[in-house]
Structures are given as C-alpha cells and as structure tokens.
Amino acid sequence: MAVQALLPLSDADLPRLAIFLSGGGSNAERILSRAAAAASPPFRPVALVTDAPQTSRAGELGARFGLPVVALDIRRFYEERGEGRVSIATPRGQAIREEWTQALRARLAPHRVDFGVFAGFVPLTNLTADFPCLNVHPGDLTYLKDGKRHLVGLHTLPIERAILEGLDYLRSSVIRALPYTGRGEDMDNGPILGISGPVPIDLAGAELDALRREQAQRPGKRPRGGYGDRLEQLAAAHQERLKEHGDWTVFPAVVFDVARGRFGLDERDGLHYRIGAAWHPIETVVYDENGSREVLFRAGQ
C-alpha cells in the first residue's frame, strides 16, 4: 500500500512553518526556542498568526524570534458584521467564519506556508484544508469508550472526563487537524501523531463519587467563565501541569518529526511512521520527557 508523507520533503528548501496562537503562546515559544537552539532545524519558521492581536503574545514572540506577525482580529471581524458573539453555532456564524478564513488566507499567501502549528489557537478554521496543520490537545485521544475517543472537548472537559473515568494519569495528544463541517464530531478527530508520557492525576483529597455528583448537578450550558466547582478547579490545576509535562514534551518533538518527513498516510488514511527508509503502520508514537520515543505499531503488524 502506497504511503504519502504528511509533509513531503523538498531538496530545494526547508518546509516553511506558520505558528498560530490566540493567547500566551507557551507552546509556540517552546517550538521556536528548540528550533533556535538546533544546529540544523528541519523547518523554517516564517510567520506567527493570531486572531487576538491585542491580548496574545504574538507581537512579543515575533519581536523576540524575528518573525512577522499576521493578525486578523476575529472578535472585531464578527462585530463589524453585526454579530456580538464569535460562534459557528448558526449558519450566519459559519458564513462569517469562512469569510474570516478567506481574509486570513489572503494575508498568509505571501509567506508560502507549507505547514501550520496551532499552539493554543482558538478559532476553528478550514485553513486545515490548505496545508497540514498540527494541534495539541489536553487529553489522551487513544483512550476509547464505546469505540469512540472519549477525552475530547474544549476547556477543561478532557481532563474532567479523565478524572471522572477514574484514570490515574493524563496525556497530551498531537493530531493532524482536519477541516470542520460545523458538526460536533469534527472535534479532535484527526490522526493521532503522538502522545506524551503519563502525567499523574492527584485528586488532592477529593472523593471521586463526590466529583461525579457535582458534575451531574451542573447546568446544561457551561456558564461564561466556567462552572467554578471543585471538579473544574482540579482540572484547571492539572491542565497547567499537563501543559508543562505533556504539551511541552510531545508538541515540539512531533513538529520536528513531521518536518523530517517521518509521518505518512496511506490511501485509507492509515498512519505510518518512517524508520530508516521503510514505512511502518502505527497507532501513534509516545514521546517521553527524557527524549525517548516508543512507536506503537498497529495490531497485527
């Protein structure tokens, strides 16, 4: 079965990377710092992209690493079109998102981007159809329940689900982000390129049954600013630990491996990893904090 590299290599130039961020940009900072420290990084950062130029660290990081900033304020974009809320929950919101994406696409065009990294980039965008885009997720997407990825969702939800499942660890996952269609099943459904090593869960004296009762008593819709309950507080604390011991380990490593042409897909979108000159069908790769890799080969291979 033929395998195509996720990012085909060129003898003429290093692949050109754009990093997208909406907030503090700690993952962007780790990736850029690792590239700056490498004797021969396998990619060339060409731009930082932000939807929140007033509040993100894109300008600071751009100045520090000598990169141009491509900015298009999504909140202002929606407001100028009469929408007070940035959302794709309605056809009108989806149409504005496509218009915003097209405007961002035009601003990115001069940078000739080969692949993108979503380092805390909030808006869903179909730029994912233009070139390979990688996204880091605060949950172990290899964990299945009823045959589906269970630790999915926004905010602290993946970590809350891991806690409520009674798991004793968390992992960060890096996926190839896929185009969205406006349906919920689009979320977190791309190929799982890598996962971090386990990061322990500590309930800090809380009883699991009490946390489950607390979750069951929540309102149907998440309030602005969050639920504010014990479960969410625990998850938020673990999210910071997972970022440090999960995201910062697996995300830069996967970006480097993608840029080196080590990940590929077959005609059925099955994931492969190149070892030497040969492609091997895999489930994913585990990246540990000590720098080691464990390739999890597909069953029966």
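Filtered by the rule that a residue be of a type in the set (Lys, Arg) and more than 18 Å from GLU283 (Cβ to Cβ), region 131-171 gives a lone residue, ARG161.
Being among the polar types (S, T, N, Q), closer than 25 Å to ILE19 by Cα, modelled with pLDDT under 95 and in contact with a Lys or Arg (Cβ under 8 Å, 6 or more places away or on another chain) is the requirement here; does THR156 meet it? So THR156 does not fit the description; no.
The set of residues in region 85-132 that are within 25 Å of PRO42 (Cα to Cα), assigned to a helix (DSSP H, G or I) and touching a residue at least 40 places away in the same chain (Cβ under 8 Å) comprises LEU108, HIS111, THR128, ALA129. Just to be sure, is ALA28 without any contact (Cβ under 8 Å) to a residue 60 or more places away in the chain and assigned to a helix (DSSP H, G or I)? For ALA28, the condition - without any contact (Cβ under 8 Å) to a residue 60 or more places away in the chain and assigned to a helix (DSSP H, G or I) - is not met. Of all the criteria given as (1) at pLDDT below 95; (2) polar (S, T, N, Q); (3) in a strand (DSSP E or B), the one not satisfied by ASN290 is (3).
If you check ALA52, ALA2, which single one turns out to be touching an Asp or Glu at 6+ places or on another chain (Cβ under 9 Å) and either under 27 Å from LEU265 (Cα atoms) or of a type in the set (Lys, Arg) (or both)?
Within the list ALA52, ALA2, the selection yields ALA2.
Being of a type in the set (Lys, Arg) and either surrounded by 21 or more Cβ atoms within 10 Å (Cβ to Cβ) or part of a helix (DSSP H, G or I) (or both) is the filter here; which residues of region 224-261 pass it? Once the filter is applied, which keeps residues that are of a type in the set (Lys, Arg) and either surrounded by 21 or more Cβ atoms within 10 Å (Cβ to Cβ) or part of a helix (DSSP H, G or I) (or both), region 224-261 yields ARG230, ARG241, LYS243. If you go through region 35-82 and keep only what is among the small types (Gly, Ala, Ser) and crowded, with 16+ Cβ neighbours inside 10 Å, you end up with ALA35, ALA47, ALA52, SER56, ALA58, GLY62, ALA71.
Please determine, by comparing only the residues of region 202-223 that are among the hydrophobic types (A, V, I, L, M, F, W, C) and outside any loop (DSSP other than H, G, I, E, B), which one is surrounded by the fewest Cβ atoms within 10 Å (Cβ to Cβ).
Among residues in region 202-223 that are among the hydrophobic types (A, V, I, L, M, F, W, C) and outside any loop (DSSP other than H, G, I, E, B), the one surrounded by the fewest Cβ atoms within 10 Å (Cβ to Cβ) is ALA216.
Here LEU9 meets each of (1) touching an Asp or Glu at 6+ places or on another chain (Cβ under 9 Å); (2) touching a residue at least 24 places away in the same chain (Cβ under 8 Å); (3) over 24 Å from TYR180 (Cβ atoms) with one exception, condition (1).
Confirm whether TRP279 is assigned to a helix (DSSP H, G or I) and touching a residue at least 40 places away in the same chain (Cβ under 8 Å). So TRP279 fails the test.
For region 237-244, the criterion of being basic (Lys, Arg) and more than 24 Å from LEU9 (Cβ to Cβ) is met by at least one residue.
Consider ARG171 carefully, then state whether it is buried (at least 20 other Cβ atoms within 10 Å of the Cβ), within 30 Å of GLU207 (Cβ to Cβ) and in contact with a helix residue (DSSP H, G or I) (Cβ under 9 Å, 6 or more places away or on another chain).
yes
What number of residues within region 125-149 satisfy the criterion of being farther than 26 Å from LEU21 by Cβ and among the acidic types (Asp, Glu)? Looking only at that region, the number is 1. Does region 84-102 include one or more residues that are hydroxyl-bearing (Ser, Thr, Tyr) and modelled with pLDDT under 95? Among the residues of region 84-102, at least one is hydroxyl-bearing (Ser, Thr, Tyr) and modelled with pLDDT under 95, which makes the answer yes.
When region 103-122 is limited to residues that are under 30 Å from ILE201 (Cβ atoms) and surrounded by fewer than 23 Cβ atoms within 10 Å (Cβ to Cβ), the one that is modelled with the highest pLDDT turns out to be GLY120.
Annotation note: of ASP257, ASP247, ASP288, the sole residue that is closer than 30 Å to ASP11 by Cβ and touching a residue at least 60 places away in the same chain (Cβ under 8 Å) is ASP257.
The values are calculated or read from the model by the stated rules, or taken from the named source; none is laboratory data. This one's a predicted model, so the numbers in the text were calculated from it and none came from an experiment. Virtual Cβ from ideal backbone geometry, glycine too; neighbours counted across all protein chains shown.
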